[in-house]
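Chemist: One structure, as structure tokens, below. Some questions next.
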Amino acid sequence: MGRPGPAEFTGSDVYSPASVELIRESGTIAARAIALVGESIRPGVTTEELDIIAHGFIVANDAYPSTLGYRGFPKSICSSVNEVICHGIPDDTVLEDGDIINIDITAYKNGVHGDTNRTFIVGEAGDEVRELVVRTEESLRRGIKAIAPGRQVNIIGRAIESYAKRFGYGVVRDFTGHGVGEAFHSGLIIPHYDTDKFDTVIELGMVFTIEPMLTLGTHQWDIWDDDWTVTTRDKSYSAQFEHTLVVTESGADILTLP
Ligand code: MF3
Ligand code: CO
Ligand code: CO
């Protein structure tokens with residue numbers, strides 16, 4: 001992603017309680033936009049139609065869809081179907097029975113971003129794909145549960161990968177969680193795999209995303225000629241779930257609930 005982007009963020013990843021509530025407001029709008037889009041997900045609908053629904057909802061709530069124009073990204077949501085890991089661009093693709101689609105929405109309001117995504121099944125899918133989706137959401141839950149002030153952020157990836165490994169899933173490494181708030185991507189990196197790197201210590205009031213991408217095959221990826229759409233190299237299906245979180249004394253609070 002060598003495109004012109006925003007200037008490097010030099011602020012803090014730790015937010016005051018008042019700022020956290022503003023991030024929650026943005027996060028709630030993003031989560032509600034995803035829920036609204038979800039009501040229209042069915043065989044026959046195009047990803048472009050889903051983008052229009054989300055765009056209308058976000059601006060009606062006095063917010064801005066953060067992806068629109070971000071480093072040149074052309075749409076208000078990311079829509080990632082089947083083997084697309086992330087950053088799919090809405091277009092005239094028609095959803096079919098048995099597809100899975102991730103909808104990733106970030107809303108910007110009051111100077112702060114809230115970022116969340118979830119994967120939906122279109123019509124009915126087979127057991128293998130259904131289980132992938134359910135377990136990817138469970139891996140996010142386990143990542144969230146691992147959060148505690150004083151631990152290093154790499155504890156999160158350890159929790160996610162140790163769970164995903166049981167099922168032989170690929171755990172995508174090169175796209176990560178991130179600090180979020182005043183900046184869409186603050187520079188803080190949250191790994192979803194088991195590593196000693198990324199040893200930043202988790203602090204009270206820190207705000208970041210966790211957004212694991214699990215695959216039925218490899219963790220390796222390719223990118224389309226559009227320079228955005230990331231797919232698994234072996235074309236195996238990939239699922240993802242994302243929340244924005246704030247660190248609390250007892251763990252973490254989710255800021256992207258509908
Ligand atoms: N929302 C994505 C994330 O979770 C980022 C999308 S950037 C875009 O970090 F440019 F692809 F839209
Ligand atoms: Co994110
Ligand atoms: Co996102």
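Chemist: Heavy atoms only, probe 1.4 Å: what % of the accessible area of the chain goes to carbon and sulfur, would you let me know?
Modeler: Carbon and sulfur atoms account for 49 percent of the accessible area of the chain.
Chemist: Multiplying the sequence separation of Thr195 and Asp174 by 0.36 nm and subtracting their Cα-Cα distance, what value in nm do you get?
Modeler: Net length gain for the segment: 6.3 nm.
Chemist: Let me ask something else about it. Give the distance, in whole Å, between the Cα centre of segment 106-137 and the Cα centre of segment 49-92.
Modeler: 14 Å
Chemist: Right, next: Just to confirm the filter: which trypsin sites (Lys or Arg not before Pro) across segment 136-232 are DSSP coil and have at most 12 other Cβ within 10 angstrom of their Cβ? Walk me through the numbers on the way to the answer.
Modeler: Details: sites: Arg141, Arg142, Lys145, Arg151, Arg158, Lys165, Arg166, Arg173, Lys197; in loops: Arg151, Arg166, Arg173, Lys197.
Loop-located and lightly packed - Arg166, Lys197.
Chemist: In nanometres, what is the gap between the two model label sites at Ser162 and Ala18, each 7 Å from Cα along Cα-to-Cβ?
Modeler: Modelled inter-label distance: 4.1 nm.
Chemist: Go through Pro43, Ala31, Pro6 and say which Cα lies farthest out towards the positive end of the charge dipole of segment 4-66; charges sit on Cβ, +1 for Lys and Arg, -1 for Asp and Glu.
Modeler: Of Pro43, Ala31, Pro6, it is Pro43.
Chemist: Shifting gears a bit: Calculate, for the chain, the solvent-accessible area per residue in square angstrom, rolling a 1.4 angstrom probe over the heavy atoms of the protein chains. Please list the in-between numbers first.
Modeler: Working: 11080 Å² over 258 residues.
So the chain comes to 43 Å² accessible per residue, rounded to a whole number.
Chemist: Next question, about the same structure. Using R₀ = 51 Å, calculate the FRET efficiency as 1/(1 + (r/R₀)^6) where r is the Cβ-Cβ separation of Gln152 and Glu48; round to 0.05.
Modeler: Numbers: r = 41 Å, r/R0 = 0.81.
The value I calculate is 0.80.
Chemist: Taking the Cβ-Cβ separation of Asp234 and Ala35 as r and a Förster radius of 25 Å, what is the calculated FRET efficiency to the nearest 0.05? Before the final figure, lay out each step's value.
Modeler: Values: r = 32 Å, r/R0 = 1.28.
Efficiency, from the Cβ-Cβ distance: 0.20.
Chemist: Could you give the distance between the Cα centres of segment 1-40 and segment 190-245, to the whole Å?
Modeler: 17 Å
The values are calculated or read from the model by the stated rules, or taken from the named source; none is laboratory data. This one's a predicted model, so the numbers in the text were calculated from it and none came from an experiment. All Cβ positions, glycine included, derive from the backbone under ideal geometry; neighbour counts span all protein chains shown. In case anyone asks, the SASA skips ligands and DNA or RNA and just uses the protein heavy atoms, side chains included. Shrake-Rupley method; radii C 1.70, N 1.55, O 1.52, S 1.80 Å.
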